[in-house]
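Participant: Starting off with a structure, shown below.
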Amino acid sequence: MWSLNKTFSAWQRSKITRRSALFCIGYSLALSTSLASCTAPSDNAAQSQGTSANVSTASNSGGGKQEFRVVRSKQLSSLAVLEQQGTLDKALEPLGFTVKWTEFAAGPQQLEALNAGSLDIAHTAESPAIFAQAAGAPLVYVATTHTNGKPVALLVPKDSPVKSVADLKGKRIAFQKASIGHYLLVKALEQAGLTLNDVESVFLPPPEANVAFSQGKVDAWFIWDPYITRAEQSGAGRILIDGENLRDTRNFYTTSRKFYQAHPEVIKVFLEELEKTEDWSRNHPKEMAQLLAPVTQLDPATLEIMHGKYNYGLQPITEAVITKQEEVAGLWYSLKLIPKQVNVRDGFLTPEEYAKFTPQAVLAKQ
């Protein structure tokens, strides 16, 4: 099975230090293998393990319908709303598809499953897609979002003496490899006059990082909501900085080249329903909070407040979007974190191809 191990393993061997190994004995260098000594009992088993092995590779469901396998979101997102409302299932019925929602620990695990043929739609930040392309995955970018760093933050324990990013020199910082947390940590350290070499990187998927952070085994954690809000509410952590003034990139919806070529009409219906849900989410914060309270494990009042962190509405893929991805790929290559310079344009389509399945309301935003 294809794995991002090819991209990461050499770097990991040089960067994982003895101190990080002490608190998580048995941590595998494989991207998608979870820790034997760190568990997250409150999280879904598939999320905790974060492997494509947890995803059924069957493409057909009962009744002869084919499965459209979409990543599940546990954030305050329109993707989560889409699942809860069930509108995508109804819209795909005429095409002979049923929807299967599957949860993953983070973006890199999604893209491993996408390339293995056990996921059809992934939703990640900018970096997982680039690392996947560096490892040879023939993915296709199908849509993008607003630039937004508010729902991502660098947490420190509530009673930590750390007051600034500069204070983290020599400290242990947990984050998911090749994630938005990884990218924003590079940006935050750069602003503080530091580099990744000045801190101890502890590479953990979110569920395991949550355990390590709550047990005081790392000094900081770059993560996204709802983990941020849960840590604040429980008293386990406080925000040192968020990504609002750091992030200059976007999230992406991606599929495999094989699925795009076989079922562009399914992608078209998915994006049409998702854009409708984006509009609904933007205009119904109270109803959205009620709907997603069980999903996020946060109370509706808190979710209404969090609603202000998010920007809703799909965005068209333009030349500027592609150019920015090229810039990010160049950054990772310059840091020697990917083995080759990636031609990110291999994952993008022509404007004419995008026009065939991108909702008109989204195209009009160009």
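Participant: Share of region 81-217's accessible area from carbon and sulfur, percent, 1.4 Å?
Facilitator: Taking all protein chains in place, region 81-217 shows 45 percent carbon and sulfur surface.
Participant: Okay, next question. From the alpha carbon gyration tensor of region 264-329, can you work out the equivalent ellipsoid semi-axes (sqrt of 5 times each eigenvalue) and give them in Å, largest to smallest? Mind showing how you got there, number by number?
Facilitator: Details: eigenvalues 160, 57, 22 Å².
Taking √(5λ) for each eigenvalue gives 28, 17, 11 Å, largest first.
Participant: Between L95 and Q233, what is the spin-label point distance in nm, taking each point 7 Å from the Cα along the Cα→C-beta axis?
Facilitator: So the two model labels end up 3.5 nm from each other.
Participant: Report, ordered by chain and residue number, the aspartates and glutamates lying within cross-link reach of K90, taken as a straight Cα distance under 19 Å and ignoring same-chain residues fewer than 8 apart.
Facilitator: Reachable aspartates and glutamates: E67, D120, E265, E272, E273, E275, E278, D279.
Participant: Taking amide H positions as placed in the peptide plane 1.01 Å from N, state which residues far from A143 in sequence (5 or more) or on other chains have amide H under 5 Å from it.
Facilitator: So A143 has HN proximity to Y253.
Participant: Whole Å is fine, so just give me how far the alpha carbon centre of region 300-345 lies from that of region 178-252.
Facilitator: Taking the Cα centre of region 178-252 as reference, the centre of region 300-345 is 16 Å away.
Participant: Next question, about the same structure. Hey, if we sort H182, H307, H123 by accessible area with the 1.4 Å probe, largest down, what's the order?
Facilitator: The residues order as H123, H307, H182, largest area first.
Participant: Not counting ligands, DNA or RNA, and with a 1.4 Å probe, what is D159's accessible surface area in Å² rounded to the nearest 10?
Facilitator: 140
Participant: Which listed residue (P205, L246, A236) has the Cα farthest towards the positive end of the charge dipole for region 200-276, taking +1 on Lys and Arg C-beta and -1 on Asp and Glu C-beta about the Cα centre?
Facilitator: The residue sitting most towards the positive pole is P205.
Participant: Over region 216-366, calculate the relative contact order: mean separation of alpha carbon pairs under 8 Å at least 6 apart, over the residue count, as a percent.
Facilitator: 25
Participant: From the C-alpha coordinates alone, can you work out the Kirkwood hydrodynamic radius of region 120-208, in Å? Provide the component values of the computation, followed by the final result.
Facilitator: Details: mean 1/r = 0.0677 Å⁻¹.
Value: 14.8 Å, from the Cα pair sum.
Participant: Here is a further query. If you count only protein heavy atoms and use a 1.4 Å probe, how large is the accessible surface of E112, to the nearest 10 Å²?
Facilitator: It works out to around 10 Å².
Participant: So, taking all protein chains as they sit and a 1.4 Å probe, how much accessible area belongs to F97, in Å² rounded to tens?
Facilitator: Probe radius 1.4 Å; accessible area of F97 about 10 Å².
Participant: Shape call for region 206-331 from the C-alpha gyration tensor, a ≥ b ≥ c root eigenvalues: rounded (a/c under 1.5), prolate (a/b greater than b/c) or oblate? Mind showing how you got there, number by number?
Facilitator: Details: a/c = 1.98, a/b = 1.36, b/c = 1.46.
Since a/c reaches 1.5 but b/c is at least a/b, the shape of region 206-331 is classed as oblate.
Participant: Same structure again: Do the alpha carbons of any pairs in K158/K324; K217/K336; K276/K340; K177/K286; K158/K187 sit beyond 31 Å of each other, and which pairs?
Facilitator: Details: K158/K324 35 Å; K217/K336 27 Å; K276/K340 39 Å; K177/K286 34 Å; K158/K187 23 Å.
Violating the 31 Å limit, Cα to Cα: K158/K324; K276/K340; K177/K286.
Participant: Indicate the gyration tensor shape class of region 206-260 (rounded, prolate or oblate), computed on the Cα atoms with a ≥ b ≥ c the square roots of the eigenvalues: a/c under 1.5 is rounded; otherwise a/b larger than b/c is prolate and the rest oblate.
Facilitator: Working: a/c = 2.88, a/b = 1.81, b/c = 1.59.
Prolate.
Participant: Moving to a separate point now. If W221, W101, W280 are ordered by their accessible area, calculated over protein heavy atoms with a 1.4 Å probe, which sequence runs from highest to lowest?
Facilitator: Numbers: W221 0, W101 30, W280 65 Å².
Highest to lowest solvent-accessible surface, that is W280, W101, W221.
Participant: Which shape class applies to region 303-366: rounded if a/c is under 1.5, otherwise prolate when a/b exceeds b/c and oblate if not, where a ≥ b ≥ c are the square roots of the Cα gyration tensor eigenvalues? Mind dumping the intermediate values first?
Facilitator: Details: a/c = 3.32, a/b = 1.28, b/c = 2.60.
Taking the square roots of the gyration eigenvalues as a ≥ b ≥ c, region 303-366 is oblate.
Participant: Keeping all protein chains in place and using 1.4 angstrom, which order do V70, V99 fall into by accessible surface area, from largest down? Intermediate results must be reported in sequence, preceding the final value.
Facilitator: Numbers: V70 0, V99 20 Å².
Largest accessible area first, the list is V99, V70.
The values are calculated or read from the model by the stated rules, or taken from the named source; none is laboratory data. Being a predicted model, the structure only gives us computed values, none of them experimental. We place every Cβ from the backbone using ideal geometry, glycine too, and count neighbours over all the protein chains shown. To get the accessible areas, we keep the full protein, side chains included, count just its heavy atoms, and leave off ligands, DNA and RNA. Shrake-Rupley method; radii C 1.70, N 1.55, O 1.52, S 1.80 Å.
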